[in-house]
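Comments concern the structure below.
All of the numbers you see were taken from the coordinates with simple rules; none came from a lab. Quick caveat, the model's predicted, so the values are computed rather than measured. Every residue, glycine as well, gets a Cβ built from its backbone with ideal geometry; the counts of neighbours run over all protein chains shown.
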């Protein structure tokens, strides 16, 4: 599962909670989860199902004392993990392996640009919940519809912009990822910005180049990750 083996945890589905029209929270339970250590935001595990498929997902919440871990899964496409999640029920078995993931460094940031579509929204929220309260944050989140917003941490200095691809029945729906890309390319970037952005791979790469070249952000101030890619069922970012 990993080139260098990581601890594995046999788990069962404890609860399934719909969050939005495209996002589903699965709470996993298992006695060994008390030993799973999450050290920083955006850390992820490989979720493997009995059919053999596996995929990386961000740990949204971890409650070791309760032997519980929450993973938010986007219900899109026809991939095996999305199909499994759509029909998951309490008692279903799975396995987690990890954690993995680099620590995004926001030390010294006067301003943080945080941008994600649904695939990266769980990771973005783990960052938002742990940023210093004195840091100004501009957050851009692409979602399917205006009804798909999620509660954000009650903190000062945040400006959040939700970007619904469709604004109502019969309205034009932007292709996934395009609205976020277009918005970021037209956004002013304040001095001292550190950016974290994730979503559709091609769009995120375009915005990364824009931040490095047009806004001259240092490379270590731009954390960019392609979580998925148009036309690829199991993109490895």
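The residues listed here are 47, 75; of these, the one that is farther than 16 Å from residue 99 by Cβ and in contact with a strand residue (DSSP E or B) (Cβ under 8 Å, 6 or more places away or on another chain) is 75.
Apart from one condition, residue 72 fits all of (1) under 24 Å from residue 163 (Cβ atoms); (2) without any contact (Cβ under 8 Å) to a residue 60 or more places away in the chain; (3) part of a loop (DSSP other than H, G, I, E, B); the exception is (3).
The sole residue among 123, 144 that is more than 30 Å from residue 11 (Cα to Cα) and in contact with a strand residue (DSSP E or B) (Cβ under 7 Å, 6 or more places away or on another chain) is 144.
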